[in-house]
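Below you'll find the structure, written out as structure tokens, and then a few comments.
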Amino acid sequence: MAGIIHHLITRLIELRTDGNPGQVPSMKIKLIMKGVDPDQHNENSADDPAMIARLHAIAKDMSIEL
């Protein structure tokens with residue numbers, strides 16, 4: 001099933017910014033600094049177990065449960 005990474009990134013951004021569109025760019029920059037480029041993943045991107053684990057770890061560091 002493709003698109004899990006895209007879904008996790010989208011959900012992480014939504015939860016961290018509380019739906020505030022003004023905070024989305026800074027959140028994307030934080031993800032890029034942690035090694036995840038949100039613009040490289042879409043609904044058709046292949047799912048990489050290592051990237052999924054990395055996103056869960058990032059969410060845990062931010063006290064967010066995905």
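Mind checking the alpha-carbon convex hull of the range 4-61 and giving the volume per residue in Å³? Here the figure is 73 Å³ per residue.
A simple rule links phi to the HN-Hα coupling: the Karplus curve 6.51 cos²θ - 1.76 cosθ + 1.60 with θ = phi - 60°, which for the range 38-51 gives x, 7, 8, 10, 9, 5, 9, 6, 5, 8, 10, x, 5, 5 Hz, with x for Gly and Pro.
Here's how it looks for residue 47: its modeled amide H is under 5 Å from those of 3, which are all 5 or more places away or on a different chain. Dividing the mean sequence gap of close Cα pairs (under 8 Å, 6+ apart) by how many residues the chain holds gives a relative contact order of 49 percent. Helical content of the chain, expressed as a calculated mean residue ellipticity at 222 nm, amounts to -17500 deg cm²/dmol (DSSP H runs of 4 or more residues, -39,500 (n - 2.57) each, divided by residue number, nearest 500).
In loop segments of the chain as defined by DSSP, the GluC sites (Glu not before Pro) with at most 13 further C-beta atoms inside 10 Å of their C-beta are 43, 65.
Every number here is computed from the coordinates shown, using simple stated rules; none is lab data. Predicted, not measured: the structure shown is a model, and the values here were computed from it. For neighbour counting, all protein chains shown are included, and Cβ atoms are generated from backbone atoms with ideal geometry for every residue, glycine included.
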